[in-house]
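As structure tokens, the structure follows; a few thoughts come after it.
The values are calculated or read from the model by the stated rules, or taken from the named source; none is laboratory data. None of these values were measured; they are calculated from a predicted model. A quick note on method: Cβ atoms are made from the backbone with ideal geometry, for glycine too, and the neighbour counts reach across all protein chains shown. Note: areas computed on protein heavy atoms with side chains; ligands, DNA, RNA excluded. Shrake-Rupley method; radii C 1.70, N 1.55, O 1.52, S 1.80 Å.
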Amino acid sequence: MNDDRGSEKRKEAVFTRRGLRLGARLSIPFVLGTLVPALAVGALSAKKGLGLFDTLAMSALVFGAAAQLAALDIWQNPWTPGGILLVAAVTAIVNFRIALETASLRPHIGRLPGRLVYPSLLTVTDASWLVAIRHFSTGGRDAGVLAGAGLALLGFWVLLTLPGYLLGTLIDDPKTYGLDLVMPAMFIGMIVPMWKGRADLVGWGIAGLVSIATAHLVEGHWYIVAGAIAGSLAGAYAEESRP
């Protein structure tokens, strides 16, 4: 009995400065992957009329390539209540996966004090989550890895947004350089590794069809919300029906 308790105690998570440094170092390979999206966010922000401070503040506070690109794609000037609701709904749906990722970390960091856990969760991205989950799955127990990776990526993200913004002030039409294709390419890159079999085509196909139909029938960008909800429901049903 005592041996079991000792073993369980050794597996409890810790939070150290060494873990912070390790997380920052392990996040370096992911920095290159943020280069193009960060430049695109900066450039598109400039074209949408945002100031430099506004752009950097958005990158620091939102810290999400897909969410920021989606928001900029449907950016309005002037804003309407419906436009604000649309942006909120789109970004919430785009980032819902982060809620699932952080939930998967609970067995590893759930017993740590909230003053350590909650600030760490604010910096979670797909990359920092992957760094942390690899660390925990190989026997690591230092939650500082999660925070270190998140903080390092946040710093690079804000820093790389700056040259993108300066570049955007010199570009007349972002489409000339294919910046309008960054968001679709990013989402395609996100869903391809999730492929599990032909059953996944049900959710993906329905999401696409509903989005196209909504785009033709409803004015604005509500097709993003409609497609996401329809695809999620269809995918959940297909998953339940999977042998």
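A few notes on this one:
- Alpha carbon centroid spacing (whole Å) that separates the stretch 52-74 from the stretch 77-99: 12
- Applying the criteria of a DSSP loop state and at most 11 other Cβ atoms within 10 Å to the chymotrypsin sites (Phe, Trp or Tyr not before Pro) of the stretch 16-111 yields W79.
- Cα→Cβ-extended label distance, 7 Å offset, between R134 and V62, nm: 2.8
- Average accessible surface area per residue within the stretch 23-122, 1.4 Å rolling probe, Å²: 53
- Solvent-accessible surface (1.4 angstrom probe) belonging to D142, in square angstrom, nearest 10: 20
- Farthest toward positive dipole pole in the stretch 94-153 [+1 Lys/Arg, -1 Asp/Glu at C-beta], among A103, L153, V131: A103
- Of all accessible heavy-atom area on the stretch 85-131, the percent that carbon and sulfur account for (1.4 Å): 69
- In a simple Cβ point-charge model (Lys, Arg +1; Asp, Glu -1; nothing else charged), the stretch 31-128 has a dipole of about 220 debye relative to its Cα centre.
- Positive minus negative residues near G19 (Lys, Arg vs Asp, Glu; Cβ under 10 Å): +3
- Annotation: extensible slack from W75 through R21 equals 15.7 nm (criterion: 0.36 nm per residue apart, minus Cα-Cα distance).
- The stretch 1-149: C-alpha gyration tensor shape, a/c 1.5 cut-off, then a/b vs b/c: prolate
- Full extension of the segment from A88 to L201, taken as 0.36 nm per residue of separation minus the current Cα-Cα distance, would add 37.9 nm.
- Annotation: amide H of V14 within the under-5 Å range of D142, A143, sequence separation 5 or more or interchain, hydrogens built in the peptide plane.
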